[in-house]
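In what follows, a structure is listed as structure tokens, so that the remarks can point back to it.
The values are calculated or read from the model by the stated rules, or taken from the named source; none is laboratory data. These numbers were taken from a predicted model, which means no experiment stands behind them. Using ideal geometry, Cβ is built from the backbone for each residue, glycine included, and neighbour counts are taken over all protein chains shown. We work out accessible area using only protein heavy atoms, side chains counted, and drop any ligands, DNA or RNA first. Shrake-Rupley method; radii C 1.70, N 1.55, O 1.52, S 1.80 Å.
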Amino acid sequence: MTTVDSRGASPDQEQISAEIAAVHKAAGRTSLAGGGETPNHPDRDFAPYRSSLLRHPLRPLVAAGGDPEAAELSGPVFGVTDVTALDADLTRQHIGEPLGERITVSGRVLDRSGRPVRGQLVEVWQANASGRYAHGLDRHPAPLDPHFTGAGRCLTDDAGRYSFTTVRPGAYPWRNHINAWRPAHIHFSLFGTRFTQRLVTQMYFPGDPLFAYDPILQSVTDPAARARLVAEYRPDLSVPEWSLGYHWDIVLDGPARTLPDPEEH
């Protein structure tokens, strides 16, 4: 269902945009008062993103069994043999080729000092070129693509590099407010050395006209941090007559870190 405000009316884009502007203005004042320090992650309560008010714990988390290491015991184990080259090419996972604009997305996973993070598991998932996920809960009346599942993974090499071949996802509607549409994006998940060390975030495409209207992206109130979520088109990364190339580095910590995805809070 489309969200409603306190008066029982569904908010429109004008109302949501006004709320975003107000939160950004307040965040700017807070940042100046704090010496310009960027927050570690977007606020869990970002009012223009309506369901964020209901999607996170309100009390401190409690470790299972009182043992902070307990989560490690049931976590998945990934090895080099579990990941194949085919996993990183989302256009070759079915008998036929998917429809859409073929793209190559690559970059490096780095620590705060710019050092490469080797052997890092990088996972992606996304909507198809029509803006629909291959998931039973996605009821968007856009066509499914029988040749595109929209999920892939790879391991970073010794230079921290990753690379995926896929199709550019389409925008899709969601029910945060009247006529709300999400800009095209790819979800990224990175596991650290332990299962509990995980970053889930989103990569966006340059020049998308929906940026200013999207409460999820705009929940990152720092403009510089928000810009780091947008990939760069790079002709040198394009494959001639095959795919457009986009570059996107992921920094795991420090002042230039890639912020987590508020949608996954």
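Some points to look at:
- For region 102-122, a tally of residues being open to solvent by 70 Å² or more (accessible area, probe 1.4 Å) and not small (Gly, Ala, Ser) returns 4.
- Residue match in region 66-78 (condition: in a loop (DSSP other than H, G, I, E, B), closer than 26 Å to Arg161 by Cβ and either at pLDDT 95 or above or among the aliphatic types (A, V, I, L, M) (or both)): yes
- Those strands (runs of 3 or more DSSP E) of region 123-223 in which 3 or more residues are out of contact with any helix residue (DSSP H, G or I) (no Cβ under 7 Å at 6 or more places or on another chain) and over 27 Å from Glu19 (Cβ atoms) occupy 161-167, 185-191.
- Restricting Leu61, Leu54, Leu90, Leu99 to residues that are at pLDDT 95 or above and either of a type outside the set (A, V, I, L, M, F, W, C) or open to solvent by 80 Å² or more (accessible area, probe 1.4 Å) (or both) narrows the list to Leu99.
- One residue stands out in region 231-252 among those that are assigned to a strand (DSSP E or B), open to solvent by 40 Å² or more (accessible area, probe 1.4 Å) and not acidic (Asp, Glu): the one that is farthest from Pro11 (Cα to Cα), namely Val239.
- Flag for Leu155 being among the aliphatic types (A, V, I, L, M) and buried (at least 17 other Cβ atoms within 10 Å of the Cβ): yes
- Test: residue in region 123-142 that is loosely packed, with under 15 Cβ neighbours inside 10 Å and of a type in the set (Ser, Thr, Tyr): no
- Restricting attention to region 1-47, the residues that are at pLDDT 70 or above, over 20 Å from Phe211 (Cα atoms) and part of a loop (DSSP other than H, G, I, E, B) total 1.
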